[in-house]
1. Does residue 3 satisfy being hydrophobic (A, V, I, L, M, F, W, C) and touching an Asp or Glu at 6+ places or on another chain (Cβ under 8 Å)?
2. Considering every residue within the stretch 56-65, establish whether at least one is open to solvent by less than 50 Å² (accessible area, probe 1.4 Å) and at pLDDT below 95.
3. Give the residues of the stretch 23-35 that are surrounded by fewer than 18 Cβ atoms within 10 Å (Cβ to Cβ) and in a helix (DSSP H, G or I), sorted by residue number.
4. Give the residue that is modelled with the lowest pLDDT, with candidates limited to residues of the stretch 36-47 that are in contact with a helix residue (DSSP H, G or I) (Cβ under 7 Å, 6 or more places away or on another chain) and outside any helix (DSSP H, G or I).
5. Within the stretch 122-139, can you find the residues that are modelled with pLDDT under 95 and either in a helix (DSSP H, G or I) or in contact with a helix residue (DSSP H, G or I) (Cβ under 7 Å, 6 or more places away or on another chain) (or both)?
6. Within the stretch 150-171, can you find the residues that are assigned to a helix (DSSP H, G or I) and touching a residue at least 12 places away in the same chain (Cβ under 8 Å)?
7. Return the only residue of 78, 51, 61 being of a type in the set (Val, Ile, Thr), free of Cβ contacts under 8 Å to residues at least 24 places away in the same chain and part of a helix (DSSP H, G or I).
Amino acid sequence: MLAFGGVNSGIYKFLLVLHILTAIVGLGAVMLNGLYVAQTRKRPGPTGRAVLEANLFVSEVATYVIYAIAVFGILLVVASDEAWKFSQTWLWLSLLLYVIAIGISHAVMRPGAKRIQELMIEMEQGPPAAGGSPPQVAQIQEIGTRLGIGGPMLSLIVVLILFLMVWKPGV
């Protein structure tokens, strides 16, 4: 195995800064998505859609930064010169939770937000509903319910991973 100098080396500390920075930027960008949803609801029509689209753009950029969290984390394990091992509970469990979070994001959150955007565009293009809400409203509410479950689940996973990273159970 390559020798990097362990947890006190310059390369390790540099990777640690990058790991923490990507976590702050990537997760910070998406942790408050619920606030954007609230602002979207307060602004019906094109204005609300503009808020949603800005949020979707930022979330898309954040996705790539979030991928980098794992890359730098894995490089930290390698650079630790076996101070950290993938067999340690805190580490493999953190990686498992990370993969679960990525799965929730790709299966629920991202497609849901994009579908809401499509439905909002449909509502703007079609004639107003006669005597009731457009059918898209019910669909948006249904998707919103799923997003309202997925978002807090992702936040909980972030807190659990943070707990594991700080206390390192199983070391």
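1. Working: hydrophobic (A, V, I, L, M, F, W, C): yes; touching an Asp or Glu at 6+ places or on another chain (Cβ under 8 Å): yes.
So residue 3 passes the test.
2. no
3. Just the residues of the stretch 23-35 that are surrounded by fewer than 18 Cβ atoms within 10 Å (Cβ to Cβ), to begin with: 24-25, 28, 31-32, 34-35.
Answer for the stretch 23-35, where residues must be surrounded by fewer than 18 Cβ atoms within 10 Å (Cβ to Cβ) and in a helix (DSSP H, G or I): 24, 25, 28, 31, 34, 35.
4. The extreme case among them is 45.
5. Residues of the stretch 122-139 that are modelled with pLDDT under 95, as a first pass: 122-138.
122, 123, 124, 125, 134, 135, 136, 137, 138 - these are the residues of the stretch 122-139 that are modelled with pLDDT under 95 and either in a helix (DSSP H, G or I) or in contact with a helix residue (DSSP H, G or I) (Cβ under 7 Å, 6 or more places away or on another chain) (or both).
6. Step one: filter the stretch 150-171 for residues assigned to a helix (DSSP H, G or I), giving 150-167.
Of everything in the stretch 150-171, those that are assigned to a helix (DSSP H, G or I) and touching a residue at least 12 places away in the same chain (Cβ under 8 Å) turn out to be 150, 151, 153, 154, 155, 157, 158, 160, 161, 164, 165, 167.
7. On the way: 78 fails: free of Cβ contacts under 8 Å to residues at least 24 places away in the same chain; 61 fails: free of Cβ contacts under 8 Å to residues at least 24 places away in the same chain.
Every option except 51 fails the conditions.
Rundown of residues vs (1) closer than 19 Å to residue 46 by Cβ; (2) surrounded by 13 or more Cβ atoms within 10 Å (Cβ to Cβ); (3) free of Cβ contacts under 8 Å to residues at least 40 places away in the same chain; (4) out of contact with any Lys or Arg (no Cβ under 9 Å at 6 or more places or on another chain), yes/no style:
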| position | (1), (2), (3), (4) |
| --- | --- |
| 86 | no, no, yes, yes |
| 95 | no, yes, yes, yes |
| 106 | no, no, yes, yes |
| 121 | yes, yes, no, no |
| 125 | yes, no, yes, yes |
| 137 | yes, yes, yes, yes |
| 140 | yes, yes, yes, no |
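The values are calculated or read from the model by the stated rules, or taken from the named source; none is laboratory data. Because the structure is predicted, anything quoted here is derived from the model rather than measured. Cβ coordinates were reconstructed from backbone atoms using ideal geometry, including for glycine residues, and neighbour counts include every protein chain displayed. Side chains included, ligands, DNA and RNA excluded: accessible areas come from the protein's heavy atoms. Shrake-Rupley method; radii C 1.70, N 1.55, O 1.52, S 1.80 Å.
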